[in-house]
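Structure first, then comments.
Each reported figure results from applying straightforward, stated rules to the coordinates on display, with no laboratory input. Predicted, not measured: the structure shown is a model, and the values here were computed from it. Cβ placement follows ideal geometry from the backbone for every residue including glycine, while neighbour counts extend to all protein chains displayed.
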Amino acid sequence: MGFVIWIITGAVIGWVAGKLMKRKGGFLRNILVGIVGSSLGGFLAGLVHIRGVGIGSFLISVAGACLLLWLAKKLFG
């Protein structure tokens, strides 16, 4: 059951980041962006000793996904 929650959460985070960055993506892309972006956001937040709980964790994940989309746009156009 945890895996299903992980996929759904990744999809929601990817969708929110896509809306904020005005990028279109399908369900699978949203999952990928959400999961990788969450990992990136969590890693970067950990470097500066920021811990998110609840909505804070969600915001860190969305920020990481937005950063991922921004980097992808800069690197790949």
Check: By the scheme Lys and Arg +1, Asp and Glu -1, what is the net charge of all other residues having a beta-carbon under 14 Å from that of Leu68?
Finding: +4
Check: What does the helix-only formula give at 222 nm for the chain: each DSSP H stretch with n ≥ 4 adding -39500 (n - 2.57), the total divided by the residues, and the result rounded to the nearest 500 deg cm²/dmol?
Finding: -28000 deg cm²/dmol
Item checked: Inter-site label distance for Val4 and Val36 at 7 Å from Cα along Cβ, in nm -> 2.7
Notebook entry, point to check: Mind listing which trypsin sites (Lys or Arg not before Pro) in segment 9-51 are in a DSSP loop and have 13 or fewer other Cβ atoms within 10 Å?
Noted result: Lys22, Lys24, Arg51
Note to self: Just to be sure I understand the model, the point goes 7 Å from the Cα along the line to the Cβ. What's the resulting Val12 to Leu59 distance in nm?
What the structure shows: 1.7
